[in-house]
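Student: Have a look at this one before I ask anything.
The values are calculated or read from the model by the stated rules, or taken from the named source; none is laboratory data. None of the values given here were measured: they were computed from a predicted structure. Counting neighbours? That spans all protein chains shown, and the Cβs are built from the backbone with ideal geometry, glycine included. Only protein heavy atoms, including side chains, enter the accessible area calculation; ligands, DNA and RNA are left aside. Shrake-Rupley method; radii C 1.70, N 1.55, O 1.52, S 1.80 Å.
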Number of protein chains: 2
Amino acid sequence: MRQCLFIGFSALLIACNSNPSDPQNEQQTRSSNGVQARWSIAIHGGAGHFGTENLSIEQQNAYRLSLTKALEAGGYVLDKGGNATDAVVAAIALMEDDSLFNAGRGAVYTASGAHELDASIMRGSDRNCGAVTGLQGFRHPIQVAMSVMEESQHVFFSGHGAGEFAHSTGAETAEPAWFHTQKAKARFERALERDTTQEKFGTVGCVALDSEGHLAAGTSTGGMTFKRHGRIGDSPIIGAGTWADDRTCAVSATGWGEFFIRSSVAHDIHARMLHAGTSLEEAASATIHQEMAALGGDGGVVAIDHWGNPVFSMNTLGMFRGALIAGGKPVTALFANEKIQP
Amino acid sequence: MRQCLFIGFSALLIACNSNPSDPQNEQQTRSSNGVQARWSIAIHGGAGHFGTENLSIEQQNAYRLSLTKALEAGGYVLDKGGNATDAVVAAIALMEDDSLFNAGRGAVYTASGAHELDASIMRGSDRNCGAVTGLQGFRHPIQVAMSVMEESQHVFFSGHGAGEFAHSTGAETAEPAWFHTQKAKARFERALERDTTQEKFGTVGCVALDSEGHLAAGTSTGGMTFKRHGRIGDSPIIGAGTWADDRTCAVSATGWGEFFIRSSVAHDIHARMLHAGTSLEEAASATIHQEMAALGGDGGVVAIDHWGNPVFSMNTLGMFRGALIAGGKPVTALFANEKIQP
């Protein structure tokens, strides 16, 4: 029954994807004309079943402002000739410091009342990557993931081992009070009353194309409110929550992590492009609305192809998101039926 | 330079894969004729750069005997009409108890002299899965992974959280002495002298097709000798070390985990079949010899398609492996140039 609901729902929402036959779709026009963006960046701040009735105008404006600032931070790096991984880290680090999002400051509480943070990053030039799960006491998990990629022979660390590695790199620490927000605490207390995991969304992510033609993707999250100690979702899993390959695309996912792992969402989008020659729009739509949704999951992705076209796909009512292309202005959207034309 | 070496090496070893044009290749004949095995199982006990000069006849016989027993244990389940996941668990649990392999008893030591075990399992009927990383003190990590799949709303647990979950399911515990072997201790001491990770191989894995037509895959490992606390390799990563989908294939990988994560090896093989209509033989060969080896990694996979054809692909000199098909006898191989025709 749940599956049927989602299949119907995805059919309804497929219009949220870029539509190749839509003349208003600037992304597709650029792609099919082979026009190459000098640089490009796109972000998300989580997907969920929220509509205009759930967010006041003030709240909507606050999200749009935060997304704009993150796009500008990443865009600044790219416009100066910086590389895609540095832009991804700059944009995500800003969102990790922003208590609006479920990553870094503002992260949700686990069942034991702690913050266990996950992050991952991948670059498309050599498919190197770095990830951490269950990281505690560090301000910017995305920077720790970046250090795993650049300074370690390994690609993925968990728990105390992730913390030991972070300390060895001199990563900036943060006290528990830094991560605390009243919103996350209230969610925790509601979950405690019901003894169940209620909140699944709010992850942040970024994909970027730099002026050298290289792609990168990164994702950072506090996970699910009231999650069990040691639970790993899709955000730190290379192939599920994050993927980048210069031949195809960069992808960052957000949603119900278990279903994104069971569908290898980020790698599946890449694989459709590499092995079947599918466009990014078609690949993202098929992976989200057919593969992932058919299992009963929900959420979305932000992705960018090697021409610099940003694509968003989701089967939720909303996803905080935005894009900025060299020479343009930051554009943002919150609800599924909003179009983005950077 | 390293990359060039591997590309040359993979060209040399591609003959280790099943060759569609080889009339002696029974697997391919069955597949192209559409002959469906009633059930089928294949296993590996790790890949590595070993040849006949590295293993005495006695050692070779010991490996062949252990592989045969694991195939018979899984085959017994399948022959009684049991499902593919139960067969995978039966075969892997036997190898976890066998000190010849780097999983369960016989697992390698971490840099701090402990055993941190990883395992994962996935079933092809509904793409559900379960995985644990950094599990300490439990005899059969593959059974804990199975419990994560069947009894938890989550799919992946790490460290103490994995242990807490295992305890809650009543999983069988084991003292540190159970995991100790002189061979693993000697490897640890060699690594300690050099202060570096030397040994990367010895993972065990199993793929199976049951009489209902369902596929499953599982993988279990102690990881790398002298690995840093919390390091996660590919074995517990759904999409990298393990994948199963009834539409295509089941895959279990073994090798240098970081490179298998960076190539999403198990999911990439599935994706080539699903999105490009490639045969399992071609898909496994391309993923191992082109995608993964091009990055500089080494190792291999055992896989089985929905007709029950076992396929092995590796770019190492050897992989402990075997297969058993309903009505046949167990066959095993150790070196890359041995053919398997179950």
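Student: Per 10 Å bin, what percent of the C-alpha pairs of the stretch A:205-342 does each bin hold, from zero upward?
Tutor: 13, 45, 34, 7, 0
Student: Another one. Top to bottom by accessible area (1.4 Å), largest first, where do B:TRP39, A:TRP307 land?
Tutor: Sorted descending by solvent-accessible area, the residues read A:TRP307, B:TRP39.
Student: Further question: Kirkwood hydrodynamic radius (Cα pairs, Å) of the stretch A:121-211?
Tutor: 15.1
Student: Give the long-range amide H neighbours of B:THR181: residues separated by 5 or more places, or on another chain, with amide H under 5 Å away, using H modelled in the peptide plane at 1.01 Å from N.
Tutor: B:GLY106
Student: Which whole-number percent gives the relative contact order of chain A, counting Cα pairs below 8 Å spaced six or more residues apart? Let's see the in-between values first.
Tutor: Values: 941 pairs, mean separation 89.3, N = 342.
Computed over chain A, the figure is 26 percent.
Student: Which value in nm describes the separation of the simple spin-label points at B:THR52 and A:GLN153, placed 7 Å from the Cα toward the beta carbon?
Tutor: 3.2
Student: Strictly over 31 Å apart at the Cα level, which of A:LYS227/B:LYS227; B:LYS80/B:LYS339; A:LYS69/A:LYS185; B:LYS227/B:LYS339; B:LYS227/B:LYS329 would you flag in this model?
Tutor: Those over the limit are B:LYS227/B:LYS339; B:LYS227/B:LYS329.
Student: Another question, then. Between B:GLU164 and B:LYS329, with labels modelled 7 Å along Cα→Cβ, what's the label distance in nm to one decimal, could you check?
Tutor: That separation, rounded to one decimal, is 5.2 nm.
Student: Please report the net charge: other residues with Cβ closer than 11 Å to the Cβ of A:SER285, K and R +1, D and E -1.
Tutor: Net charge around A:SER285: -2.
Student: A follow-up question, please. What FRET efficiency comes out for the pair A:GLU338/A:LEU65, r = Cβ-Cβ distance, R0 = 22 Å, nearest 0.05?
Tutor: 0.85
Student: Where is the GNM fluctuation largest for chain A (alpha-carbon springs, 10 angstrom cutoff): A:VAL251, A:VAL35, A:VAL148?
Tutor: Its mean-square fluctuation being the largest, the pick is A:VAL35.
Student: For chain A, report the convex hull volume of the alpha-carbon atoms normalised per residue, in Å³, without decimals. Please list the in-between numbers first.
Tutor: On the way: hull volume 41.7 nm³, N = 342.
Normalising the Cα hull of chain A by residue number yields 122 Å³.
Student: Of B:TRP243, B:TRP178, which has the most accessible area with a 1.4 Å probe, and how do the rest follow in descending order? Don't skip to the answer; put the middle values down first.
Tutor: Details: B:TRP243 0, B:TRP178 80 Å².
Output order, biggest surface exposure first: B:TRP178, B:TRP243.
Student: If one takes the accessible area of chain B alone plus chain A alone and subtracts that of the pair, with a 1.4 Å probe, what total in Å², rounded to the nearest 100, results?
Tutor: On the way: alone 13400 and 13400 Å², together 22950 Å².
Looking at B and A, the buried total is near 3800 Å².
Student: Measure off, as a whole percent, the carbon and sulfur share of the 1.4 Å-probe accessible area of chain B, all protein chains present.
Tutor: Ligands and nucleic acids excluded, carbon and sulfur give 50 percent.
Student: Now a separate question. Kindly work out what percent of the DSSP beta bridges joining two residues of the stretch A:106-176 are antiparallel, to the nearest 5. Each step should come with its number before you reach the end.
Tutor: Numbers: 6 of 9 bridges.
Antiparallel: roughly 65 percent of the beta bridges in the stretch A:106-176.
Student: If I ignore ligands, DNA and RNA and count only protein heavy atoms, how much of A:ARG190 is accessible to a 1.4 Å probe, in Å² to the nearest 10?
Tutor: Spelled out: A:ARG190, probe radius 1.4 Å, area about 100 Å².
Student: Just which residues of the stretch B:211-240 lose 10 Å² or more accessible area with every protein chain there, against their chain alone, with the probe set to 1.4 Å?
Tutor: Residues passing the criterion (a loss of at least 10 Å², heavy atoms only) are B:MET224, B:ARG228, B:HIS229, B:GLY230, B:ARG231, B:ILE232, B:ILE237, B:ILE238.
Student: How many percent of DSSP beta bridges within the protein assembly as shown run antiparallel, rounded to 5?
Tutor: Around 95 percent antiparallel, to the nearest 5.
Student: Could you work out which residue, out of A:GLN153, A:GLN290, A:GLN143, moves most in a Gaussian network model of chain A, that is, has the largest mean-square fluctuation with Cα springs under 10 Å?
Tutor: A:GLN153
Student: Please turn the phi angles of the stretch A:272-285 into ³J(HN,Hα) values with the Karplus equation 6.51 cos²θ - 1.76 cosθ + 1.60 (θ = phi - 60°), one per residue in order, whole Hz, x for glycine and proline.
Tutor: 4, 6, 6, 8, 10, x, 6, 6, 4, 4, 5, 5, 5, 4
Student: Heads up, I need the accessible area for A:LEU67: 1.4 angstrom probe, whole protein in place, Å², nearest 10.
Tutor: So the heavy atoms of A:LEU67 present about 0 Å² to solvent.
Student: Under a 10 Å cutoff between Cα atoms, tell me which one of B:HIS267, B:HIS229, B:HIS115 has the largest fluctuation in the Gaussian network model of chain B.
Tutor: Evaluated over chain B, the most mobile residue of the options is B:HIS229.
Student: What residues qualify as long-range amide H neighbours of B:PHE156, i.e. H under 5 Å apart, gap of 5 or more or another chain, H built at 1.01 Å from N?
Tutor: A:ILE232, B:ALA131
Student: If you average the C-alpha positions of the stretch B:288-319 and of the stretch A:129-174 separately, how far apart do those two centres end up, in angstrom?
Tutor: With the stretch B:288-319 and the stretch A:129-174 each reduced to a Cα centre, they are spaced 31 Å.
Student: Compute the whole-percent fraction of alpha carbon pairs in the stretch A:44-184 spaced more than 24 Å apart.
Tutor: Numbers: 3417 of 9870 pairs.
Above the 24 Å cut-off, the stretch A:44-184 has 35 percent of its Cα pairs.
Student: Are there trypsin sites (Lys or Arg not before Pro) in the stretch B:210-278 that DSSP marks as loop and that have at most 13 other Cβ atoms within 10 Å, and which are they?
Tutor: Listed in order of number, the matching sites are B:ARG247.
Student: Compute the semi-axes of the equivalent ellipsoid of the protein assembly as shown, taking the square root of 5 times each eigenvalue of the Cα gyration tensor, and list them largest first in whole Å.
Tutor: 39, 27, 23
Student: If you don't mind, there's one more thing I want to ask. So, for the protein assembly as shown, what is the accessible surface per residue at a probe of 1.4 Å, expressed in square angstrom? Let's see the in-between values first.
Tutor: On the way: 22950 Å² over 684 residues.
Counting only protein heavy atoms, the per-residue value for the protein assembly as shown is 34 Å².
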